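This report refers to the structure that appears directly beneath it.
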Amino acid sequence: MNQSKSGYSILIIEDNPGDQLLLQENLKSTNLLMDHITMANTITEAMCLLEEHSFSIIFLDLFLPDSSGLETFTQLVERYSKIPVIICSGLSDTQVAIKAISMGAQDFLIKGDFTFTLLGKTVRYSIERKDAEQLIKTSEESYRYLFDNNPATIFIWDLNDFRILEVNE
């Protein structure tokens, strides 16, 4: 779990001071143990913070002064794919939410449309899902390494028509 001894480290990427304050106060109202909450107004500022500090979770607004839409999310996960991201947007578009989650966002919350109880669960579940995802990825990489580097010949074939699907070196 991405929690230090003192608690979660949270990065909020949001350019609206009112929305920053609302999210920060809602997070403080949860029963989450938090180390600190850091704010960034742009994706560029967030990238600089991510280079210098470790965060347990990121809350991301999709519309920032230097980036907008799902491109904002894409820029973030290309470089920091191991950190769970919860999109917190004023955009109430189900198609965008589904697309964001299919691209790897842990959740999609509508600004102001959540309770502190829901927020606490969302943070915990998002971090647990991302940790489980990382374990699966590590396991798959280990399997792939063993398969590819095994000195014995290994075939994988389709049981229905016995076509060879894969073979190691």
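Numbers below:
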| item | result |
| --- | --- |
| Rounded, prolate or oblate (a/c below 1.5 giving rounded, otherwise prolate when a/b exceeds b/c) for segment 48-148 by Cα gyration tensor | prolate |
| Modelled FRET efficiency - R0 41 Å, Thr94 with Ala152, Cβ distances, 0.05 increments | 0.25 |
| Cβ-derived FRET efficiency at R0 25 Å, Met103 paired with Glu52, nearest 0.05 | 0.45 |
| For the chain, share of DSSP beta bridges that run antiparallel, in % to the nearest 5 | 25 |
| Accessible heavy-atom area order of Leu27, Leu21, highest first, probe of 1.4 Å | Leu21, Leu27 |
| Sulfur and carbon atoms: percent of accessible area, the chain [1.4 Å] | 54 |
| Magnitude of the charge dipole, segment 1-152, Cβ model with Lys/Arg +1 and Asp/Glu -1, debye to 20 | 520 |
| Accessible area per residue, Å², segment 70-141 with all protein chains present, probe 1.4 Å | 55 |
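The values are calculated or read from the model by the stated rules, or taken from the named source; none is laboratory data. Note that the structure is a prediction, hence the values are computed from the model and not measured. Ideal geometry is used to build each Cβ from the backbone, glycine not excepted, and the neighbour counts take in all protein chains shown. All accessible areas refer to the heavy atoms of the entire protein, side chains included, with ligands and DNA or RNA removed. Shrake-Rupley method; radii C 1.70, N 1.55, O 1.52, S 1.80 Å.
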